[in-house]
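S.K.: Got a structure here, written out as structure tokens. Questions coming.
The values are calculated or read from the model by the stated rules, or taken from the named source; none is laboratory data. Note that the structure is a prediction, hence the values are computed from the model and not measured. Quick reminder, even Gly has a Cβ in these numbers, built from the backbone with ideal geometry, and neighbours come from all protein chains shown. Areas reflect the complete protein model, heavy atoms only, side chains present, ligands, DNA and RNA absent. Shrake-Rupley method; radii C 1.70, N 1.55, O 1.52, S 1.80 Å.
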Amino acid sequence: MAATMKNVEEIRTRVILEEFGVKNVHTTDFPGNYPGYDDTWDMQKFQKKFSIDIVNLDESSIEFDMVGIDAAIANAFRRILLAEVPTMAIEKVFIYNNTSIVQDEVLAHRLGLIPIKADPRLFEYRNAGEESSEEEGSEIDTIQLQLKIKCSRNPRASKDDSDPRELYLNHMVYSKDIKWVPIGNQADVFGDSSIGPVHDDILIAQLRPGQELDIIMHCVKGIGKDHAKFSPVATASYRLLPEITLLEPVEGEKAERLKGCFSQGVIDLEDVNGTKVAKVVNSRLDTCSREVLRHSDLKDVVKLGRVRDHFIYTVESTGILPPEILVMEAIKVLMAKCQRFLNELDSTDMD
Amino acid sequence: MAVEGEKKTVLEMIQADGADEGCVTFVLHDEDHTLGNSVRYMIMKNVDVEFCGYTITHPSESKINFRIQTRGGIPATEPLRKGLNDLNDVCQHVLNTFQAKVNAFKEGQETSME
């Protein structure tokens, strides 16, 4: 295909979705690739083109657009949100008594996955050094929790009851039964914002009369790279903004079928001189299923693509930190990584 | 020319004997595509760089081999330093913009609720 002016713009700025593949996936705007274009890094140009637009924000999730940045950096933010923003989670489980039907290791695994509402920025990482002498852990790097519950028969239940909720007391162990045990000066520092699981209604185990759980748990700070329980997001993902271009006017019954090929709200039928003409109204809603390319008479009418530098992020938090704080922490983690290597470069240059 | 930290190395430089300072392979420890790809992008945007690429030598080891070749005899540490600084500035700008937009959004929400 000849690299005409319009074509070059398309190669540089769009990812094309075709019937049997995707074209122009890689970033090519590096200096020297295109004659007549100056692609050298220019902070002023970047700042002019860059923008963020918050679409939706509530306590547990955020949806925002990031425009004018490259996929390498956008992906770095996503990877950091999933795996390198630290949180607190239960790491050591000291089981003093477990007569329930759930095995010790299964119970410990379940406890580890419970999200703990404690601001990880106020804690330190536990020293990876000698573990034997530091079983207790200090107040700056450990949160101690306790789960002590015993199931018994309900004395007030009638004789012919069969519902476990009537017959037994404490037969379902929920995360609200986990109590925080402050160590050191934690009671003064965190007194008002009580530390505990984010959700109260996570079912941990089921008991019957006579069975009991007596467990002490230590929470430490960690990152998702180490174990997925430390990941602060339910998920963090992004997609590129879809772009649908109609190459020729589509009318009548063909327009109705074209409308049906895309998600609802993407294509609208306008009334022009009595006939219905298709028009692209909101390509952002499209899920890019490429259904239109399965119809032989419709596939040459449409050009499907994505805008290369427009990222629509969706970040859903597990509740430990608000989602906007999570995104800001992720950006700070990337800055810290750069700083680490810059310091290393500087220190070796001094030698 | 290995660069030592106290106990753990963070960054090493490996240079072929006889070659000039412009062609160096850096070994970055405890890193993966997160930093590798983004730094590679920033360094590729530098006109003085003739070649820039990174590999993860083995998925079980968390280190990357980062190779930079410059034109014109420029030492390879310079584009690396510039790339890291530029990435730092990009992140700072993204952070500032994001913070401003979040505050504006929250204020907009508050005024619409009153």
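S.K.: Between B:Lys63 and A:Asp29, with labels modelled 7 Å along Cα→Cβ, what's the label distance in nm to one decimal, could you check?
M.R.: 3.7
S.K.: Rg (Å, one decimal) plus Dmax (Å, integer) for the alpha carbons of region A:1-123?
M.R.: 24.1, 75
S.K.: Can you compute log10 of I(q)/I(0) for region A:266-351 with the Debye formula, treating each Cα as one identical point scatterer, at q = 0.18 Å⁻¹?
M.R.: Here the Debye-derived log intensity ratios amount to -0.96.
S.K.: Quote to one decimal, in nm, the extra length available between A:Glu316 and A:Phe50 on full extension: 0.36 nm per residue of separation minus the C-alpha distance between them. Walk me through the intermediate numbers first.
M.R.: Working: separation 266, 0.36 × 266 = 95.76 nm, distance 2.35 nm.
Result: 93.4 nm gained on full extension.
S.K.: Ok, one more. What translational D, rounded to a whole number of µm²/s, comes out for region B:11-112 from Stokes-Einstein when the hydrodynamic radius is the Kirkwood one over Cα pairs, at 10 °C and 1.306 mPa s?
M.R.: Rounded, D is 103 µm²/s.
S.K.: A further question follows. Using 0.36 nm times the number of residues separating A:Gln146 and A:Ser162, minus their current alpha carbon distance, what extension gain do you get? Display every interim value, and only then the final one.
M.R.: On the way: separation 16, 0.36 × 16 = 5.76 nm, distance 3.14 nm.
Additional length available on full extension: 2.6 nm.
S.K.: Would you calculate the separation in nanometres between label points at B:Thr55 and A:Phe20, each defined as 7 Å from the Cα along the Cα-to-beta-carbon direction?
M.R.: Going by the 7 Å Cα→Cβ label model, 3.1 nm.
S.K.: Could you tell me the relative contact order of chain B? Use alpha-carbon pairs under 8 Å, at least six residues apart, and round to a whole percent. Display every interim value, and only then the final one.
M.R.: Values: 156 pairs, mean separation 25.4, N = 114.
Reported as a whole number, the value is 22 percent.
S.K.: When only Cα pairs under 8 Å and 6 or more residues apart are kept, what is the percent relative contact order across region A:87-231? Write out the running numbers ahead of the final one.
M.R.: Values: 279 pairs, mean separation 62.8, N = 145.
Averaging sequence separation for qualifying contacts and normalising by length gives 43 percent for region A:87-231.
S.K.: Counting other Cβ atoms within 10 Å of each Cβ, which GluC sites (Glu not before Pro) in region A:16-100 have at most 11 and sit in a DSSP loop? Mind dumping the intermediate values first?
M.R.: Working: sites: A:Glu18, A:Glu19, A:Glu59, A:Glu63, A:Glu84, A:Glu91; in loops: A:Glu18, A:Glu19, A:Glu59, A:Glu84.
Within region A:16-100, the qualifying GluC sites (Glu not before Pro) (loop, at most 11 other Cβ atoms within 10 Å) are A:Glu19, A:Glu59.
S.K.: Something else: What percent of all Cα-Cα pairs in region A:87-231 falls in each 10 Å bin, counting up from 0?
M.R.: P(r) for region A:87-231, in whole percents per bin: 11, 38, 31, 14, 5, 1.
S.K.: With r as the distance between the Cβ atoms of A:Thr99 and A:Arg121 and R0 = 35 Å, compute the FRET efficiency 1/(1 + (r/R0)^6) and round to 0.05. Numbers along the way, then the final one.
M.R.: On the way: r = 39 Å, r/R0 = 1.11.
Efficiency, rounded to the nearest 0.05: 0.35.
S.K.: At q = 0.06, 0.09, 0.11, 0.12 Å⁻¹, what log₁₀ I(q)/I(0) does a Debye calculation on the Cα points of the protein assembly as shown give, no solvent, two decimals?
M.R.: -0.40, -0.82, -1.06, -1.16
S.K.: Give the separation of the Cα centroids, region A:1-73 to region A:275-328, in Å.
M.R.: Spelled out, the Cα-based centre of one part sits 15 Å from the other.
S.K.: With a probe of 1.4 Å, find how much accessible area chain A has per residue, and write the answer as a whole number in Å².
M.R.: Working: 18590 Å² over 351 residues.
Value for chain A: 53 Å² per residue.
S.K.: Heavy-atom accessible area per residue, chain B, 1.4 Å probe: how many Å²? Before the final figure, lay out the partial values.
M.R.: Working: 6080 Å² over 114 residues.
Using a 1.4 Å probe on heavy atoms only, each residue of chain B averages 53 Å².
S.K.: Also, quick follow-up: At most 11 other Cβ atoms within 10 Å plus a DSSP loop assignment makes a site exposed; report the longest stretch of chain A without any exposed trypsin sites (Lys or Arg not before Pro). Mind dumping the intermediate values first?
M.R.: Numbers: sites that count: A:Arg156, A:Lys159.
No qualifying site falls inside A:160-351, the longest such stretch.
S.K.: Write out the trypsin sites (Lys or Arg not before Pro) in region B:25-99 meeting two conditions: DSSP loop, and at most 11 other Cβ atoms within 10 Å of their Cβ. It would help to have the intermediate numbers written out before the result.
M.R.: Working: sites: B:Arg40, B:Lys45, B:Lys63, B:Arg67, B:Arg71, B:Arg81, B:Lys82; in loops: B:Lys45, B:Arg71.
Of the trypsin sites (Lys or Arg not before Pro), the ones in loops of region B:25-99 whose Cβ has at most 11 other Cβ atoms within 10 Å are B:Arg71.
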